[in-house]
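The values are calculated or read from the model by the stated rules, or taken from the named source; none is laboratory data. Values in this document were obtained by computation on a predicted structure and should not be read as measured data. Counting neighbours? That spans all protein chains shown, and the Cβs are built from the backbone with ideal geometry, glycine included.
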Amino acid sequence: MADVVLNSISKTYNKGATRAVNNVSFEVNKGELFGLIGPDGAGKTSIFRILTTLLLPDNGTASVNGYDVVKDYKIIRRNVGYMPGRFSLYQDLTVEENLNFFATVFNTSIKENYELVKDIYVQLEPFKSRKAGKLSGGMKQKLALCCALIHRPTVLFLDEPTTGVDVVSRKEFWEMLKRLKQQVITILVSTPYMDEATLCERIALLQNGEILSIDSPQTITAQFLSTLYAVRSDNMSKLLHDLRKLSLVKSCNAFGAYHHIAFQNNDPGWAQQLIPLLEAQQHTNIEVKSIEPTIEDCFINLMK
Ligand SMILES: Nc1ncnc2c1ncn2[C@@H]1O[C@H](COP(=O)(O)OP(=O)(O)OP(=O)(O)O)[C@@H](O)[C@H]1O
């Protein structure tokens, strides 16, 4: 059963000049961990604000727990948890005061739902008298998650919860989400980090307000039809330029320490031809290896 349903949702700003969300439809099943993956400006926040009833769509319909986001906004606000990208905590209140405040707003108490947040809150307890503004990024993120959970929501919306957080805290955060799933809470999480996509059960890849693909991360990467190679040499910027000029190369993109390339067809002989071709162009220490595509490879491929 679907807990969240979007039907052809569109949203523009600046009197129609900025198209933020363009005809987006998808469903999120009950208890699912669903990721909205896309770069800055892709439309993730606009979609979250529509689903949490803070923004009206221009067109289309959407529902949460079967309730319409426009007509039934009061019920939805009581039932969902929302962790916005910024400003969800009161910086001048302590850890405990923040959590108490959010519990009170929802007519509940920390005690009543402590079991749900216990795993996360125990890590914050040593700092419970510290002002939220004085917490580290990772701790703020944990407190914001506790605050979004304290009224036991049926659906949890987490907008870029790991943006600007260190790698260890990011990892811990995703482990917390996996544990939360066992409580049968439907979770929608957005992230610009493509590596986090594989931690979701299903994802929607979003660019310029449009869905490029929706499926499990495994299915999306399996649909990448070309054989992919990682290539490096001592001069990576010249390498990118030279690879893009080769007629046998279909696509070439910079990926950290390597460039990822796909050939015009999947003939394995072309990878062997590549080294002498690059040597002829004065490249040294050339390495070419076959690799599995990542979600980022798929995203770039779908953008074209
Ligand atoms: N209130 C607003 N007024 C005008 N334009 C807006 C407004 N909010 C968002 N936009 C624009 O709409 C587009 C989608 O923005 P949105 O915030 O939904 O995307 P996002 O994927 O969440 O990106 P980010 O992480 O940068 O917030 C962007 O071009 C953004 O500049």
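Here's the yes/no breakdown for (1) assigned to a loop (DSSP other than H, G, I, E, B); (2) among the hydrophobic types (A, V, I, L, M, F, W, C); (3) farther than 22 Å from Lys15 by Cα; (4) at pLDDT 95 or above:
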| position | (1), (2), (3), (4) |
| --- | --- |
| Phe34 | no, yes, yes, yes |
| Ser46 | no, no, no, yes |
| Val70 | yes, yes, no, yes |
| Arg78 | no, no, yes, no |
| Gly81 | no, no, yes, no |
| Ser88 | yes, no, yes, no |
| Gln91 | yes, no, yes, no |
| Glu96 | no, no, yes, no |
| Phe101 | no, yes, yes, no |
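Counting only strands (runs of 3 or more DSSP E) that sit completely within segment 197-238, those holding 3 or more residues that are farther than 26 Å from Ala20 by Cβ correspond to 228-232.
Do the conditions hold for Ser251, that is, is it of a type in the set (S, T, N, Q), closer than 21 Å to Phe26 by Cβ and part of a strand (DSSP E or B)? Answer is no for this residue. Scanning segment 20-46 for residues that are within 16 Å of the ligand (Cβ to nearest atom) and touching a Lys or Arg at 6+ places or on another chain (Cβ under 8 Å) gives Ala20, Val21, Phe34, Gly35, Leu36, Gly38, Gly43, Ser46. Scanning segment 201-240 for residues that are among the acidic types (Asp, Glu) and away from the ligand (no atom under 16 Å from the Cβ), we see that the one that is farthest from Thr45 (Cα to Cα) is Asp234. Just a yes or no: is a residue in segment 240-259 over 16 Å from the mean Cα position of the chain (by Cα) and under 22 Å from Tyr82 (Cα atoms)? So far as segment 240-259 goes, no, none of its residues is over 16 Å from the mean Cα position of the chain (by Cα) and under 22 Å from Tyr82 (Cα atoms). Total residues in segment 1-32 satisfying the condition of being in a loop (DSSP other than H, G, I, E, B), of a type outside the set (A, V, I, L, M, F, W, C) and over 18 Å from Asn208 (Cβ atoms): the figure is 4.
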